[in-house]
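The values are calculated or read from the model by the stated rules, or taken from the named source; none is laboratory data. As the structure is a computational prediction, the values presented were derived from the model and not from experiment. Backbone-built Cβ (ideal geometry, glycine too); neighbour counts: all protein chains shown.
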Amino acid sequence: MTESFLSELAFHWTLYQNMFAQGILIAVTLSLTGVLVVARNQIFTGAAISAASTLGIALALVLAQYSTVHHHTPDDDHATNWYHSDSFKTTMAVISAVAASLIVVGRGRSRNAYEARIGWIFLVSTVGANLLVAKSPHSLEEIHRVHSSSILGAAQSENVLLALVAMVTLLVLSATWRGQLLLATDPEMASSSGMRASLWQWIYAIWLAICIGLAIRFSGLLYTFGMLVLPALIARSCCHTMRTVLIASPIVALGATLLVFVPELIPGWSTGYPSEQLAIFLLGVALLPAWCYQQLRLRWQQGRASHR
Amino acid sequence: MIDATNLSLGYGSQIILRGIDLHIQAGQFWFITGRNGTGKTTLVRTLLRQLTPLGGTLSFSGAMQDHSRLGVVPQTLRIEETLPTTTAEFISLGSVGARLPRRDLRANLDYALERTNLAAQANQSYWELSGGQQQRARIARALVRRPKVLIADEPTRGLDVEIQSALLEQLRDLNATDGITLLVVSHNLQAVKQYASHCALLSNGGAVALERPHFDPLEDTLGGGL
């Protein structure tokens with residue numbers, strides 16, 4: 001009995017280990033990056049960049065189809081294989097995300113113009129991705145899977161890339177945390193403190209796009225956007241300092257991921273629901289009491305401030 | 001510390017101030033004053049190197065040569081109440097770019113808290129502080145760099161008269177006791193007369209530098225107030 005359970009567990013582990021590792025790495029990376037997104041009040045930037053990444057994947061699918069149709073000589077084989085590879089989709093997702101991020105995050109302009117650009121990118125990318133593949137049922141299905149985050153599954157080599165991105169995010173944020181927080185909340189002060197504010201804005205925009213672009217290809221729009229903003233929002237609502245938000249956000253993301261993915265590894269424990277959507281749903285539900293706590297705390301603080 | 005000769009300032013091709021001559025020495029307490037729209041913030045942004053002068057020469061020496069010993073109190077604060085932060089965490093953000101060992105950073109934080117009478121509120125939420133205390137925390141955020149020069153853009157704006165006086169007294173104390181050179185942008189004519197050792201009066205696209213006790217042009221130019 002125990003032996004059969006263990007052998008089944010080993011089988012499940014072999015089957016799901018990459019998905020498990022990938023879910024955790026994406027959760028950690030995005031929940032850390034999301035702390036800055038939330039501190040900057042740029043929540044919908046995440047949605048717009050995620051949508052732009054989807055457009056990149058749709059473009060990759062169209063180019064792959066085009067290369068197959070116009071495939072004439074054996075020399076074309078190499079190019080065609082590249083167009084059909086997952087690496088090409090990932091590259092296109094990242095390129096689209098970087099382009100979108102540079103448009104919306106780049107330089108500080110008026111809030112209205114900024115929000116208009118976000119709305120434009122979100123709508124054009126979402127509609128564009130669907131229209132591009134509308135006549136190809138296979139590609140359309142893939143885009144739908146990207147939108148609904150029901151596509152988890154990466155190779156081990158891709159997990160190495162995700163681990164690298166997670167590590168760089170963690171190291172850079174730990175080393176430059178105070179500066180990043182000042183830049184997010186008071187860019188003029190950051191600039192007058194000798195920080196190269198403009199350079200750091202560009203680095204932030206590009207890195208955010210790389211994180212989102214990679215995550216989208218591996219885990220889809222809902223999981224990517226959800227992991228980017230929900231853990232950071234929960235942590236911001238419950239924590240007393242921004243430093244603890246930085247620590248709590250990945251813990252919250254990890255907690256939700258483990259809660260959902262671990263049962264998938266244990267025979268007979270699977271919920272039967274899509275893990276990525278379940279994780280985001282759990283985080284969304286957890287945000288409600290966090291918001292209530294935040295409102296109570298804000299009222300209490302306002303009361304204390306007015307009595308001073 | 002700051003030598004400006006025949007300086008023209010503005011944005012793009014639009015000149016807002018021209019022919020400015022200012023010579024600011026260490027230990028002085030300067031006010032930059034003038035009616036709305038006369039270019040006070042433009043002048044401050046130029047002194048902070050956020051704007052390049054359109055003409056003339058501007059040279060910095062001593063503590064103004066780099067940003068490490070320059071403290072800034074900006075006019076507006078962009079953070080919102082939903083951003084959780086304690087007084088100490090908020091103040092310590094001012095040490096960005098200071099490149100000091102952890103022990104010195106801690107000592108500087110203690111100094112800033114002590115000089116602004118906020119030591120007791122260090123671990124409280126910044127949002128629990130009163131308006132006056134929050135403004136003192138902003139000054140502390142500039143002091144945490146142990147500045148030689150402190151530039152404050154309208155630090156008394158929106159505060160009660162009583163709190164304004166207390167804050168200006170605190171600034172005078174920083175100038176007199178700690179030898180910090182102060183440049184304060186203010187609309188408050190009485191404050192200028194009471195606290196300034198020097199004043200840059202901005203009007204009609206230019207600036208006049210005044211030195212105590214020769215502040216009569218303030219009344220002539222600004223008349224019944226700002």
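Consider B:Pro155 carefully, then state whether it is assigned by TED's automatic domain parsing to the domain that holds B:Gly62 and either under 30 Å from B:Gly39 (Cα atoms) or not β-branched (Val, Ile, Thr) (or both). Spelling it out, B:Pro155 is indeed assigned by TED's automatic domain parsing to the domain that holds B:Gly62 and either under 30 Å from B:Gly39 (Cα atoms) or not β-branched (Val, Ile, Thr) (or both). There is no residue in the range B:130-138 that is without any contact (Cβ under 8 Å) to a residue 40 or more places away in the chain, of a type in the set (A, V, I, L, M) and assigned to a helix (DSSP H, G or I).
Filtered by the rule that a residue be touching a helix residue (DSSP H, G or I) at 6+ places or on another chain (Cβ under 8 Å) and more than 23 Å from B:Val149 (Cα to Cα), the range B:1-16 gives B:Gly10, B:Tyr11, B:Ile16. Being hydrophobic (A, V, I, L, M, F, W, C), closer than 16 Å to A:Ala286 by Cα and in contact (Cβ under 8 Å) with a residue 60 or more places away in the chain is a property that A:Ala248 lacks.
Considered as a group, the residues in the range A:191-225 that are farther than 24 Å from B:Arg69 by Cα and of a type in the set (Ser, Thr, Tyr) include one that is farthest from the other protein chains (Cβ to nearest Cβ), and that residue is A:Ser219. For A:Trp269, the conditions (1) surrounded by 15 or more Cβ atoms within 10 Å (Cβ to Cβ); (2) at pLDDT below 95 are fulfilled apart from (1). Only residues that are touching a Phe, Trp or Tyr at 6+ places or on another chain (Cβ under 6 Å), touching a residue at least 60 places away in the same chain (Cβ under 8 Å) and not small (Gly, Ala, Ser) were counted in the range A:251-279, giving 4. Determine, yes or no, whether B:Leu171 is at negative phi, away from every other protein chain (no Cβ under 14 Å) and among the hydrophobic types (A, V, I, L, M, F, W, C). Yes, satisfied.
Checking every residue in the range B:181-197 against the condition of being among the polar types (S, T, N, Q) and within 23 Å of B:Arg49 (Cβ to Cβ) gives at least one match.
Please work out if B:Thr76 is surrounded by 15 or more Cβ atoms within 10 Å (Cβ to Cβ) and within 13 Å of chain A (Cβ to nearest Cβ). Judged against the criteria, B:Thr76 is not a match.
Residue-wise test of (1) crowded, with 21+ Cβ neighbours inside 10 Å; (2) charged (D, E, K, R); (3) away from chain B (no Cβ under 14 Å).
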residue	(1), (2), (3)
A:Leu9	no, no, yes
A:Gln22	yes, no, yes
A:Val28	yes, no, yes
A:Ser31	yes, no, yes
A:Val37	yes, no, no
A:Ala48	yes, no, yes
A:Ala51	yes, no, yes
A:Leu63	no, no, yes
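Within the range B:79-101, the set of residues being touching a residue at least 24 places away in the same chain (Cβ under 8 Å), within 7 Å of chain A (Cβ to nearest Cβ) and outside any helix (DSSP H, G or I) comprises B:Glu81, B:Pro84, B:Thr85, B:Thr86, B:Gly97.
Beta carbons closer than 9 Å, at least 6 apart along the sequence or on distinct chains, pair a first residue in the range B:175-200 that is outside any helix (DSSP H, G or I) and surrounded by fewer than 17 Cβ atoms within 10 Å (Cβ to Cβ) with a second that is among the hydrophobic types (A, V, I, L, M, F, W, C) and modelled with pLDDT under 90 for B:Gly179/B:Ala26.
You will find that of B:Arg103, B:Arg69, the residue that is on the phi < 0 side of the Ramachandran plot and at pLDDT 90 or above is B:Arg103 and no other.
Taking the conditions exactly as written (more than 11 Å from chain A (Cβ to nearest Cβ), loosely packed, with under 15 Cβ neighbours inside 10 Å, at pLDDT 85 or above and closer than 20 Å to A:Arg196 by Cβ), does B:Thr46 satisfy them or not? The answer is no for B:Thr46.
Return a yes/no flag: does the range A:180-203 have any residue that is within 14 Å of the chain's Cα centre (by Cα) and buried (at least 20 other Cβ atoms within 10 Å of the Cβ). No: zero hits. The single residue among A:Cys292, A:Cys239 that is under 30 Å from B:Leu93 (Cα atoms), more than 11 Å from chain B (Cβ to nearest Cβ) and over 21 Å from the mean Cα position of the chain (by Cα) turns out to be A:Cys292. Checking the condition modelled with pLDDT of 90 or more and either out of contact with any helix residue (DSSP H, G or I) (no Cβ under 7 Å at 6 or more places or on another chain) or within 12 Å of chain B (Cβ to nearest Cβ) (or both), which residue from A:Leu228, A:Leu233, A:Leu283 passes? Going through A:Leu228, A:Leu233, A:Leu283 in turn, the sole match is A:Leu233.
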